[in-house]
Amino acid sequence: MAYVKAMKNRQGAVTSHRVIWRLGGSRTGAPQAERFGPTDEGREAADIFCEAVNAAGQQWPLGWVKGRGFIDPAAEEPAEERYRFRTYALAMLNLKTGIQEQYRKDCIRDLERWIFPTFGNCDVRNIEHFSHDTVQAWVRNLEKTKVHRGQAPKNGQPKLRPMSPKTIRNLHGLLFAVLQKAVQSEPPLRNRNPCELTSLPRTDDDGADGGEDIEFLTPDEVDGLIQCMERRSDQLLAIVKYGTGMRWGEVSALGPECLESWKTPKPKIRVKRAWKKDGEGGYYLGMPKSKRGRRSLRVSSAVVDAIEELGGYDNANPGRLFFTGDQNGKRLHYSTFYDRWQRAVHRAKELGLLPSHKSPTPHDLRHSHAAVLLSEGRGLEYVKVRLGHESIKTTSDTYGHLLPEADDDAMEIIDRSLIRGRTGGGGQGSAVVPPGGPARLVVPAQAGSTVYVTVFPDRHQEAFWVPEIARLVSEVWKLERRQAVRIEERDASLWAARHGGLDDVHATMPDRALIWSLGPVVYGADGEELVAAPGAHELRQAWAWQWEEAFTKEPAQWYAVHRPGLGAHTEAAAWGTDEKKVRAAYVKARAKALRDCGRHPALESKAVAQTDS
């Protein structure tokens with residue numbers, strides 16, 4: 001609650017009255033204060049303002065301007081109201097083009113529910129209202145918030161869980177977008193976006209509950225579920241959904257016009273339409289979720305048979321729907337199918353066809369489709385294209401943890417090579433372990449010895465004694481970087497001649513580290529932030545090999561250096577193995593860059609040149 005505090009000098013005389021509170025009323029809310037005069041009239045004004053703050057839910061009262069008081073809306077310039085966050089955000093969304101109406105309404109709903117209660121009456125220009133501390137406190141409150149996730153039960157109380165990291169990131173992204181518009185406004189309303197350095201929860205920090213959002217089903221479990229469905233049309237829908245990995249809005253919009261090369265040995269389904277919300281409570285057939293969502297899928301014979309049973313290709317009525325909710329051919333509601341799906345899940349558990357701990361949703365057929373592809377050795381890029389993901393990061397974040405199950409053969413190769421190195425083959429070119437067992441294996445070069453050299457896209461080369469390890473490094477690089485690596489066989493003596501010996505030839509799997517990074521960001525001589533690399537302020541995570549510049553075992557490293565050249569640019573970045581320490585290091589790097597940017601050597605050269613002239 002807000003309260004009034006009399007501020008006194010050393011002599012005990014009242015110098016002012018301050019109303020003090022925390023934004024939003026929480027313990028972690030940003031501290032706020034407003035100052036009033038030392039007289040009785042000042043105390044009375046402070047009491048009135050304090051009541052207004054409490055009535056506004058520990059927010060700045062509507063119509064109050066810090067340091068000035070309540071402003072008569074009729075006398076105030078119309079422009080002032082434009083900069084109130086609520087007004088500014090709604091105006092931005094209403095003018096935004098290239099989005100669907102449902103997305104616009106969803107954003108407004110999220111603003112009303114999660115952002116306006118904290119920031120609605122704040123001024124987008126005010127660096128006290130919107131600072132790193134106020135935004136971070138808001139995120140912290142979201143982490144403590146319990147929300148209902150999943151479909152509401154028909155009986156009993158809904159299950160409440162902490163708000164997911166993904167939801168928090170989405171809400172933070174919405175706040176970021178509004179404040180970024182203020183930064184990029186002409187003229188700029190703000191110098192910086194306080195959301196840039198917010199510490200956000202990781203999307204893999206859901207804990208035990210997080211894994212409950214996805215249930216991966218084995219092919220036998222899928223087959224058992226399908227057998228337990230009462231309607232043949234539901235069975236066919238499940239077959240098509242599992243066999244294609246399509247989203248609900250896509251599979252429920254399928255019709256004859258979506259079939260391609262149907263009577264050929266390579267039949268396909270073209271994902272060209274999907275059910276979309278019209279923003280008024282209804283639905284219409286529109287384009288899929290994204291550009292990548294418009295795709296052609298090769299389908300198996302089981303999917304072909306299911307489609308044929310639904311009528312197959314139909315020149316007479318190509319626009320009709322394969323899956324409908326009634327005899328009139330109208331849209332099949334998800335809730336209708338979901339109720340029947342739940343009955344099938346319950347029946348499958350009773351019959352022992354589905355483990356009791358699994359509670360899959362229809363969407364888990366899509367996840368299970370991806371899982372079976374990965375288990376058969378298909379790469380993430382193939383799965384990304386088939387599922388219609390816009391970014392490989394989405395595919396990697398969702399299914400990347402499944403890849404180790406497909407790498408058993410690779411792990412056996414590594415073990416075999418290491419065992420061979422530890423025991424020694426005794427033959428020509430075999431690995432030798434000196435007494436005491438050093439950490440590094442030494443392989444002597446003998447006549448006819450061969451090294452296997454991986455040539456990377458930037459022409460960097462690494463040599464290996466074991467071809468399986470070279471191939472594994474090549475495959476991992478291709479999977480993670482989407483770049484091909486060439487492997488060449490070379491005589492060991494030639495490598496030794498060019499590289500000064502064989503000490504750098506790998507006999508075991510090279511070391512790697514999972515690195516967090518921020519930056520680089522570049523500042524001009526006046527401290528203005530210049531165009532940074534895309535996503536420079538967004539925390540990134542990637543593997544780095546031991547020969548790469550980013551490789552480190554340190555929790556955090558950073559730099560702030562002057563770039564050479566007359567542009568007088570100063571660059572800052574941070575990276576390391578500890579996320580929190582990297583964030584802190586990035587703050588230090590940027591602070592040092594801002595302190596040093598005005599002392600760039602190029603500025604001294606310019607000053608000397610001007611003096612000489």
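Tabulated data
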quantity: Residue list for region 542-590, filter: in a helix (DSSP H, G or I) and among the hydroxyl-bearing types (Ser, Thr, Tyr); calculated: 586
quantity: Matching residues in region 152-185 - criterion: being assigned to a loop (DSSP other than H, G, I, E, B) and modelled with pLDDT under 85; calculated: 152, 153, 154, 155, 156, 157, 158, 159, 164
quantity: In region 96-143, residue surrounded by the most Cβ atoms within 10 Å (Cβ to Cβ) [restricted to those that are more than 17 Å from residue 26 (Cβ to Cβ) and among the polar types (S, T, N, Q)]; calculated: 126
quantity: Residue selected from region 543-572 under the condition of a type outside the set (A, V, I, L, M, F, W, C) and in contact with a Pro (Cβ under 8 Å, 6 or more places away or on another chain), by the criterion farthest from residue 511 (Cα to Cα); calculated: 562
quantity: Index of the failed condition, residue 291 passing every other in (1) farther than 20 Å from residue 228 by Cα; (2) surrounded by 15 or more Cβ atoms within 10 Å (Cβ to Cβ); calculated: (2)
quantity: Of the criteria (1) within 37 Å of the chain's Cα centre (by Cα); (2) of a type in the set (A, V, I, L, M); (3) surrounded by fewer than 19 Cβ atoms within 10 Å (Cβ to Cβ), which one residue 518 fails; calculated: (3)
quantity: Filtered residue count, region 294-340, keeping only those that are assigned to a strand (DSSP E or B) and touching a residue at least 12 places away in the same chain (Cβ under 8 Å); calculated: 5
quantity: Residue pairs meeting the criteria (Cβ under 7 Å; at least 6 apart or on separate chains; first at negative phi and in contact (Cβ under 8 Å) with a residue 40 or more places away in the chain, in region 229-240; second among the acidic types (Asp, Glu) and surrounded by fewer than 20 Cβ atoms within 10 Å (Cβ to Cβ)); calculated: 236/309
quantity: Which listed residue is in contact with a Cys (Cβ under 7 Å, 6 or more places away or on another chain) and of a type in the set (Lys, Arg), from 340, 366, 347; calculated: 347
quantity: Cross-chain or 6+ apart pairs with Cβ under 7 Å, region 477-491 first and in contact (Cβ under 8 Å) with a residue 40 or more places away in the chain and at positive phi, then of a type in the set (D, E, K, R) and not in a loop (DSSP other than H, G, I, E, B); calculated: 482/381
quantity: Hey, residue 282 modelled with pLDDT under 80 and either within 23 Å of residue 104 (Cα to Cα) or surrounded by 14 or more Cβ atoms within 10 Å (Cβ to Cβ) (or both) or not; calculated: yes
quantity: Residues of region 89-114 satisfying the condition of being part of a helix (DSSP H, G or I) and among the hydroxyl-bearing types (Ser, Thr, Tyr); calculated: 103
quantity: Criterion violated by residue 70 - all others in (1) at pLDDT 80 or above; (2) touching a Gly at 6+ places or on another chain (Cβ under 7 Å) satisfied; calculated: (1)
quantity: In region 1-33, residue nearest to residue 55 (Cα to Cα) [restricted to those that are modelled with pLDDT of 85 or more and not in a strand (DSSP E or B)]; calculated: 2
quantity: Residues of region 505-529 classified as at pLDDT 85 or above and either closer than 27 Å to residue 555 by Cβ or not in a loop (DSSP other than H, G, I, E, B) (or both), total; calculated: 17
quantity: Hits in region 255-279 - residues which are out of contact with any helix residue (DSSP H, G or I) (no Cβ under 8 Å at 6 or more places or on another chain) and either part of a helix (DSSP H, G or I) or more than 21 Å from residue 242 (Cβ to Cβ) (or both); calculated: 256, 257, 258, 261, 263, 264, 265
quantity: Selection status of residue 581, under 17 Å from residue 196 (Cα atoms) and among the charged types (D, E, K, R); calculated: yes
quantity: Residues satisfying the stated conditions in region 521-561, i.e. farther than 17 Å from residue 195 by Cα, in contact with an Asp or Glu (Cβ under 7 Å, 6 or more places away or on another chain) and surrounded by 15 or more Cβ atoms within 10 Å (Cβ to Cβ); calculated: 522, 523, 543, 555, 556, 560, 561
quantity: Residue within region 487-502 that is among the hydrophobic types (A, V, I, L, M, F, W, C) and within 24 Å of the chain's Cα centre (by Cα) present; calculated: no
quantity: Residue check, residue 188 outside the structural domain of residue 584 (by TED's automatic domain parsing) and either surrounded by 18 or more Cβ atoms within 10 Å (Cβ to Cβ) or modelled with pLDDT of 90 or more (or both); calculated: no
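The values are calculated or read from the model by the stated rules, or taken from the named source; none is laboratory data. For clarity, every value in this text was computed on a predicted model and none was experimentally measured. Note that we place each Cβ from the backbone using ideal geometry, even for glycine, and neighbour counts take in every protein chain shown.
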